[in-house]
Amino acid sequence: MNRFDTDLKRIKFKDLLFVILYGGVLSVLFGILLGFIDYFIGDFVGLSFAGILFLVSSMQIGRMVRKQYEFPHIVYIVLTALFLIVQAIIIFFLPYIFTVVKANNAPELVFDFRLYWLVLESFARNLFRSFNFNLWLTTIVFAIGTYIGVKQTY
């Protein structure tokens, strides 16, 4: 028997709402906060801590989402995984996007999803074009962080 429910009839609206609020909103807010922290630390030290920040925050978000329902459901787990992937994209790519924001003097571009999509598309294209250790390491950290966060939810 699984440790989570798969029957769609047993989804509780209140639990689903709180999973979306805690998982979605906190993932985006933590992503932006940690992306800026990584940007300023990287600017000062010259080293990125995005992977470590994402691993720690994904565990924390997984624990906070788990406290929102009594019995785990597959829908809650999948939603948490999607929100953690969004958080990873924000944390890892915000330093690149913030340089565009500073160059254009337009702070609202931090919240423009199209810029994240362009950077993600370029990342995926370069991932398979030639072997780049940094891109593959980033992909592995995406996967491990998402797995760790999701594992906390059930």
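The values are calculated or read from the model by the stated rules, or taken from the named source; none is laboratory data. What you see is a predicted model, and the numbers here were worked out from it, not measured in a lab. Backbone-built Cβ (ideal geometry, glycine too); neighbour counts: all protein chains shown.
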Fill in the blank from the handout: Residues in region 40-86 that are crowded, with 18+ Cβ neighbours inside 10 Å, under 16 Å from Phe142 (Cα atoms) and not hydrophobic (A, V, I, L, M, F, W, C) total 5
Completion exercise
The lone condition Thr80 fails out of (1) over 21 Å from Asp7 (Cα atoms); (2) of a type in the set (S, T, N, Q); (3) within 11 Å of the chain's Cα centre (by Cα) is (1)
Completion exercise
Taking first residues from region 36-59 that are free of Cβ contacts under 8 Å to residues at least 12 places away in the same chain and in a helix (DSSP H, G or I) and second residues anywhere that are of a type in the set (Phe, Trp, Tyr) and surrounded by 15 or more Cβ atoms within 10 Å (Cβ to Cβ), the pairs with Cβ under 7 Å that are 6 or more apart or on different chains are Ile41/Phe49
Fill in the blank from the handout: Checked against (1) at pLDDT 85 or above; (2) of a type in the set (A, V, I, L, M); (3) under 18 Å from Phe30 (Cβ atoms), Val110 satisfies every condition except (1)
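So, of the residues in region 125-154 that are among the small types (Gly, Ala, Ser) and modelled with pLDDT of 85 or more, which turns out to be nearest to Leu55 (Cα to Cα)?
In the first step, residues of region 125-154 are kept if they are among the small types (Gly, Ala, Ser); the result is 130, 143, 145, 149.
Checking which are modelled with pLDDT of 85 or more leaves us with 143, 145, 149.
Details: Ala143: 10, Gly145: 5, Gly149: 8 Å.
My answer is Gly145.
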